[in-house]
Amino acid sequence: NEENQRELFTIYEVAVHLIYLLKNETDEIKRCVVGTFQNLSIDYENKRELVDKYKIVPELLEILKNGTSEEAKENAVTTLCNLSINLENRREFLTKFDIEL
């Protein structure tokens, strides 16, 4: 319905801006953004969209490889674990991203 479409549009707009911040801001802001993605990844309906539509896995892996904030790294690992509950995501992690779970 129209109300749900407005909610999805809002989630889309938020995700686009969060990804921009994750790529272009300070470590403190990146830590906060990864924490937000961690919270979003708890909801089962968001799990596939975050991986497939918003493509956050490469950004999370970048935080793990090159980030300086230990908290951001911990949040990235937790987010990946949350996302891996979805079977399609798990398969993609194993094949496309070579992540062993």
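The values are calculated or read from the model by the stated rules, or taken from the named source; none is laboratory data. Here the structure is a predicted model, which is why all the values come from computation and not from measurement. When we count neighbours, we look across all protein chains shown, and the Cβ atoms used for this are built from the backbone with ideal geometry, even at glycine. Ligands, DNA and RNA are stripped out before the accessible areas are found, and what is left, the full protein with its side chains, is counted by its heavy atoms. Shrake-Rupley method; radii C 1.70, N 1.55, O 1.52, S 1.80 Å.
Considered as a group, the residues in segment 63-101 that are among the acidic types (Asp, Glu) and in contact with a helix residue (DSSP H, G or I) (Cβ under 8 Å, 6 or more places away or on another chain) include one that is modelled with the highest pLDDT, and that residue is GLU71. The set of residues in segment 69-101 being β-branched (Val, Ile, Thr) and open to solvent by 100 Å² or more (accessible area, probe 1.4 Å) consists of THR95 alone. Condition check: polar (S, T, N, Q), modelled with pLDDT under 90, out of contact with any helix residue (DSSP H, G or I) (no Cβ under 7 Å at 6 or more places or on another chain) and open to solvent by 40 Å² or more (accessible area, probe 1.4 Å). Does ASN24 satisfy that? In short, yes.
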